[in-house]
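Student: Sharing a structure below in structure tokens format, with a few things to ask.
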Amino acid sequence: MNKRVSVLVVATALCAAGIAGGQGRIMDMVADKVIGKYQNASCEQLWQQKGEPKSQEEQRPCNF
């Protein structure tokens with residue numbers, strides 16, 4: 001009985017670690033996109049974009 005419980009605990013921990021790792025990769029991709037936006041734009045471009053309405057993609061909420 002104890003062996004079954006320990007196997008179940010280990011399997012659950014591995015699944016949770018895999019899910020957390022996947023979310024970390026998604027957050028890294030989003031962060032890279034945001035960083036790239038600011039690294040590749042001049043101050044003038046950023047000021048102009050600040051006054052423009054947001055695109056559909058930027059308005060869409062993130063559902064993780």
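Please treat every number below as a calculation from the coordinates, not as lab data. Bear in mind the structure is a predicted one, so any value in this text is a computation, not a measurement. When we count neighbours, we look across all protein chains shown, and the Cβ atoms used for this are built from the backbone with ideal geometry, even at glycine.
Student: Among 28-36, 51-59, how do they line up from the highest to the lowest mean number of other beta-carbon atoms within 10 Å?
Tutor: Working: 28-36: 9.8, 51-59: 7.0.
So the peptides 28-36, 51-59, ranked by packing, come out 28-36, 51-59.
Student: Sticking with this one: Per 0.36 nm of contour for each residue apart, how much would the distance between R60 and R4 grow if the chain were fully extended, relative to their Cα-Cα spacing? Could the numbers behind the result be given before it?
Tutor: Working: separation 56, 0.36 × 56 = 20.16 nm, distance 4.39 nm.
Additional length available on full extension: 15.8 nm.
Student: Full-extension gain between A11 and V30, please, as 0.36 nm times their residue separation minus the C-alpha to C-alpha distance. Let's see the in-between values first.
Tutor: Numbers: separation 19, 0.36 × 19 = 6.84 nm, distance 2.93 nm.
Working it through step by step, the gained length comes to 3.9 nm.
Student: Could you calculate the contour length gain from Q23 to C43, that is, 0.36 nm times the residue separation minus the distance between their Cα atoms, to one decimal place in nm?
Tutor: Working: separation 20, 0.36 × 20 = 7.20 nm, distance 3.15 nm.
Gain in length upon complete extension: 4.0 nm.
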